[in-house]
Structures are given as C-alpha cells and as structure tokens.
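Novice: Dumping the structure here so I can ask a few things about it.
No value in this document is a laboratory result; all are computed from the given coordinates. Quick caveat, the model's predicted, so the values are computed rather than measured. No Cβ is skipped: glycine too gets one built from the backbone with ideal geometry, and neighbour counts run over all protein chains shown.
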Amino acid sequence: MDYKYVVIGGGIAGVTCAETLSLLEPDSKILLVTASKLIKAVSNYQKVSRTLEMFDVEEKDKSFIETECNNVTVIHKTVLEVDSIDHVIRMCDGTSIRYGLLCICTGGKPKIIAEGNPYVLGIRDTESVQTFQKRLKKARRIVVVGNGGIATELVYEIEGSEVIWAIKDKSITSTFMDPGAATFCLPQLNETKMSTDKPLKRRKYTEEGADENVDRNSSTPGGSALGPDWSSHLEMKGAEQISHKVHVEYKVEVSRILTHEEYTTCEKSALNPSQFSSSDCWPVYVELNNGVIYGCDFVVSATGVIPNTYPFRKNNFDIAEDGGIKVNDKMQTSVKDIYAAGDVCNASWEHASHWLQMRLWSQARQMGAYAAKCMVSQSNNEDIPMDFCFEMFAHVTKFFNYKVIILGKFNAQGLGSDHELLLRVTKGEEYVKAVLQDGRLQGAVLIGETDLEETFENLILNQTDLSPFKDNLLDPNIDIEDFFD
Ligand SMILES: Cc1cc2nc3c(=O)[nH]c(=O)nc-3n(C[C@H](O)[C@H](O)[C@H](O)COP(=O)(O)OP(=O)(O)OC[C@H]3O[C@@H](n4cnc5c(N)ncnc54)[C@H](O)[C@@H]3O)c2cc1C
Ligand SMILES: NC(=O)C1=CN([C@@H]2O[C@H](COP(=O)(O)OP(=O)(O)OC[C@H]3O[C@@H](n4cnc5c(N)ncnc54)[C@H](O)[C@@H]3O)[C@@H](O)[C@H]2O)C=CC1
C-alpha cells in the first residue's frame, strides 16, 4: 500500500500533523499509524495571547479523525522499523507500507530510576496512572523522586499517604520555577487540600477509555502521554486518614533501592521524619546519597522523559544529547524525506532569543502542525517561514492550585550573571518575577491571577527599553497595560 504522507504516533504531535496535512492537501492519501488504540484530540482550542494557548485534550477512537478528515486512514499497529532507502515502514505484524514523506511522532517514555524494580513506578499514560492509583490505595508512605511537572502535581494531589519528596535541587519544582517562586508555593504543600479549587482558566483532560497497552520495555511502545489536568480529576488517595503530609529531602539523589531483606542486613537504620509514622517495617527502602534511608510502600520515579526512538535504531538519524532525533528549522531529520515532531525530537535549529524547547503538550501540537506545513511545502517545492510560535517560549499550567505562566527565558536560561530580577510577591496571592537584561524584558514567571501575561509577552517580543520605567514596572498601583499602550 502506498501513501503520500505517513505519520507515526497517535499522540498530540502525530494527530495534529495528520489533521494539518489533511487540511492542506484534502486530496492526498494520508496514513496515521499508532500503537495506542485511542488517539489524542485537541478540542476547545483557545489562544490566550499571541504565544499562549490552552486547549482540552480528549482520547478518542480512531474513527474520530477518519470522520473529520476523510483522506486520513488510521491503523492501530506498532512500527517495527523504517527502511529509508525504499521508503517503507515495517510493522510488528509483518505488514509494510510505502511512504512518500514520513513524520515520526512517537513521543517519549518515562526515564525511570532502577527500571524493572517492581517497587518503582513511572507515570506516562492512562495505564500507568491506573497502576499507580491501585498501589496508592494500600500505601501508607511513598517516596517521589524527581522535581519536574509530574512530581509537583503528584505531591500536591496525593492525600492519605505520607510522601517523601526526594529532589536533586535546593528548591521544589525547579524545572518550572526559580527558588523564590518555590518558596512562595511551599506553604501549599502541607496545607489541608481545599475542597473548592481556586478559579482557574484552564481546562480538563478527559478520556473515553483506557489505552491498549503493553509492557514497558524499550521495544514496546505504550499509550500517548497524559496532559493538562491529568492529576486534578483523579482520585489519589492512600490508605491513611490524613490530608497532605509531605517531607521534602533537598539536594539528594537515590543511591540504592533495598528490599526489606536487604535492609535488614545493611546495618543502617531508616529515618522517620518528625510527624511521620514511626513504623520501621516497609516493603522497600530508599537510600539517598546523603546516607539517609527511608522506608516506603513504593517509589514513583518522575525523572523525565526519554524520546522513543527504538524503532529507528537502525536508521542513521543524528541524535541529540537528550536522546531526541535532531530536526532542523523545517522539522526535517538528517534522513531524507523523514520529519519528526513532539517529544521524540530535539529542536536542533538556532532558536530565537526567547524560545526554548520543553517537552510539553503545546509544543507537541505546534511542532506537529508546523511539520505538516513543511512536508507539504517540500512536496510543492516551496519555502515557508518558521511559525511564529517558535519566536517565544510560553506555557500556562497549574501548580499547587495556582495558575502559573512562564514566558521567554523565565529562569534566565543562557543569560549568564549579567541580568537582573524584579520581584513582586503577595503571600498566598501572587508571585511575579521579571527577568531583565540591558533594561529589556527577557522572561517572566507569573503565579496567581496577575493579568500581566499579554503585556509581558509584548514587552519580551518587542524588546522595549524599560530602563526609564524599571522602578515602576511591577508597581501594583500602576496599570502597566495602559502605560505601554
Ligand atoms: C503525566 C503527564 C502529565 C503531563 N502534563 C502536561 C501538562 O500539564 N502540560 C503540558 O503542556 N504537557 C504535559 N505533559 C507533556 C505532554 O503530555 C507531552 O509533551 C505530549 O503529550 C507529547 O506528545 P507526543 O505526541 O509527542 O507524544 P505521545 O503523546 O507520547 O504520543 C506518542 C504516540 O506514538 C505512539 N507510538 C510510539 N511508538 C510507536 C511505534 N513503534 N509504532 C506506532 N506508534 C507508536 C504511541 O502509542 C503514542 O500514540 C504531561 C506528560 C505526562 C506524562
Ligand atoms: N503542568 C505541566 O506543564 C506538566 C508538564 N509535564 C511534562 O511531562 C514530561 C514528564 O514530566 P517529568 O517526568 O516530571 O519530567 P521533567 O522534565 O519535568 O522533570 C524531571 C525531573 O527529574 C529530575 N531528575 C532527572 N533524573 C533524576 C535522577 N536520576 N534522580 C533524581 N531526579 C532526577 C530532574 O532534575 C527534573 O527535576 C515533561 O516533559 C514535563 O515538562 C508533566 C507534568 C505536568
């Protein structure tokens, strides 16, 4: 069977790519191959500002896209390998398909410490969350390792179980927040969870069913990654009648994970943080590199993502240090006629001054759409400019029940020491950080309902010289929107 365009992956990058191809070339044959039974669909897409976007994500049956885009066929199969010379993809079931242009959107899989240890869980898709929930129901204490998005959301949502949060850094949520913002959010950690959430302009993640899934080894892909609000509508309750109980262990890494038997012969005693239960009998023990041992029921490794490149191991792709397939500013890999988008790729072009890659839902959508445009332009021998969305990094999310917006070089990434930070903090209400260099705004962290996002976005994009107004930039009595109009 021959298709002009083939896309591998039913996550947000792959589905957006196939939809965009269909829109641009309604008469061409497009195939989407996905190992997950359900595909991801974006709905209620909302542009919050020029670069910020929000949307719902739903898991749908493949018929959804086939009905919406009648030149798209979806097959539920796992790709085994790609023969880039003959332009053929081979499936695990022995069948093969010829492609004209191919886009790889196979996402990532959790990078798990002590992979294979039955007491260590990773979280990526619906199935892994269900396993986690089931284990948590019986748990009195868990250890969460990692300091990014998943760890932050889990630690905040879990009730009924003690949580030891082991992080490498000196402050929580370091992937998204600076130490100041972390200090602002920290009180939320041990607060009894509010029964009514603070209003937040952010939508829900919904699912129609569970992914068909297989065991997690390098050759068998799982379902698509979860996304916005995956945690807030799920019950995450342990076995105890307690609300939040979190102990953060800073600047540590896991040295060893010990079974109960190994622990009893290791001649060291486990610690119990004050206010935590004093039990010394746990199924598993975690030894940290500061020498401390904690017992727990199981460990969650929320330690990032590894791009899912296993089916392409025989291809000669240029691979980046993070394991992603390198793509240029046209989303092309180093292999002719093959593109890549989403978590699987590494954006290896020279980035605009205020953009950076993070493996996020929004970037998966943007890359999928842009890859489709590039594929069509290649087949028409045209050149297209880079999409505006890659001009500036922008992300809206929710942590600790606060709306969190991060813009540009929000953590002064790559700015060296020659930058200044302006701060405005109202305890329990808002945290505003502006990163300036040469009097111009380079990035910002906005926590709470600050309503500053549009103005700050413009200031970053326009590189307005703020030197004369610097002292007033964060003055709550000045409406800076009017000021810069
Ligand atoms: C728990 C969790 C919470 C998250 N929360 C947020 C959030 O709040 N905001 C945010 O912006 N981002 C969030 N993310 C990140 C976001 O979900 C991902 O960046 C995004 O979904 C990546 O999309 P993708 O299409 O590149 O990959 P995936 O969604 O991983 O899709 C990959 C697809 O490829 C298929 N596949 C893989 N191998 C093969 C093969 N050999 N043959 C055929 N098909 C194959 C898979 O079945 C799947 O359908 C979260 C991620 C996780 C895990
Ligand atoms: N609200 C949001 O925007 C959310 C986004 N996501 C995205 O989903 C993906 C997966 O999430 P995460 O796994 O949280 O990845 P992440 O990249 O956000 O964070 C990984 C964390 O693990 C730490 N780490 C890595 N190796 C470690 C080790 N060996 N020991 C201890 N710590 C280690 C890193 O320092 C980092 O703090 C990411 O791309 C993330 O951006 C996930 C949840 C929520």
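Novice: Quick one: Cα centre-to-centre distance for region 294-309 and region 259-287, in angstrom?
Specialist: Here the two parts' Cα centres lie 20 Å apart.
Novice: OK, next. Would you please name the GluC sites (Glu not before Pro) within region 299-393 that are DSSP coil residues with at most 15 other C-beta atoms within 10 Å of their C-beta?
Specialist: Sites meeting the loop and neighbour criteria: 321, 350, 382.
Novice: Now, a different point. Need one number: nm distance between label points at residue 66 and residue 235, each 7 Å from Cα along Cα→Cβ, rounded to one decimal.
Specialist: 3.6
Novice: Going by C-beta contacts inside 10 Å, put 374, 281, 69, 92 in order with the fewest on the left.
Specialist: Least crowded to most crowded, the residues run 281, 92, 69, 374.
Novice: A further question on this structure: For residue 379 and residue 353 in one chain, what is 0.36 nm times their gap in residues minus the Cα-Cα distance, to one decimal in nm?
Specialist: That pair, residue 379 and residue 353, stretches by 6.3 nm at full extension.
Novice: A further question on this structure: List every DSSP H helix in the chain whose Cα atoms extend 20 Å or more along the helix's own long axis and whose mean Kyte-Doolittle hydropathy is at least -0.5.
Specialist: Long hydrophobic helices here: 361-379.
Novice: OK, next. Run through region 1-48 and list the trypsin sites (Lys or Arg not before Pro) located in a DSSP loop whose Cβ has at most 16 other Cβ atoms within 10 Å.
Specialist: Passing both the DSSP loop test and the Cβ count: 29, 37.
Novice: Compute the separation of the alpha-carbon centres of region 1-59 and region 108-180 and state it in Å as a whole number.
Specialist: Value for the Cα centre distance between the two parts: 29 Å.
Novice: Still on this structure: Full-extension gain between residue 133 and residue 47, please, as 0.36 nm times their residue separation minus the C-alpha to C-alpha distance.
Specialist: This chain segment gains 27.6 nm when fully extended.
Novice: Here is a follow-up. For residue 463 paired with residue 479, estimate the spin-label separation in nm (one decimal), with each label point 7 Å from Cα along the Cα-to-Cβ line.
Specialist: 3.1
Novice: Right, something else. Once phi is turned into ³J(HN,Hα) by the Karplus curve 6.51 cos²θ - 1.76 cosθ + 1.60 with θ = phi - 60°, what whole-Hz value does each residue of region 169-186 show in order, with x for glycine and proline?
Specialist: Once rounded to whole Hz, the list reads 9, 8, 8, 6, 6, 5, 5, 10, 10, 7, x, x, 5, 5, 5, 4, 7, 3.
Novice: Straight-line reach only, C-alpha to C-alpha below 25 angstrom: list the lysines that residue 29 could link to, leaving out same-chain residues fewer than 8 apart.
Specialist: Partners found: 4, 37, 40, 60, 62, 77, 330, 336, 373.
Novice: Next up: Exposure proxy check: 260, 354, 395 ranked by fewest other beta carbons within 10 Å?
Specialist: Least to most surrounded, the residues fall as 260, 395, 354.
Novice: Then there is this: So if each residue of separation counts as 0.36 nm, and I subtract the Cα-Cα distance between residue 262 and residue 80, what length gain in nm does that give?
Specialist: Gain on stretching residue 262 to residue 80: 61.6 nm.
Novice: To continue, here is another question. If you take the beta carbon distance between residue 183 and residue 2 as r and set R0 to 51 Å, what does 1/(1 + (r/R0)^6) give as a FRET efficiency, to the nearest 0.05?
Specialist: Taking R0 as 51 Å, the efficiency between residue 183 and residue 2 is 0.30.
Novice: Please get the size of the charge dipole for the chain, origin at its Cα centre, with Cβ charges of +1 on Lys and Arg and -1 on Asp and Glu, quoted in debye to the nearest 20.
Specialist: Roughly 1140 debye for the chain.
Novice: Relative contact order of region 220-355: what whole-number percent is it, with Cα pairs under 8 angstrom and at least 6 residues apart?
Specialist: 15
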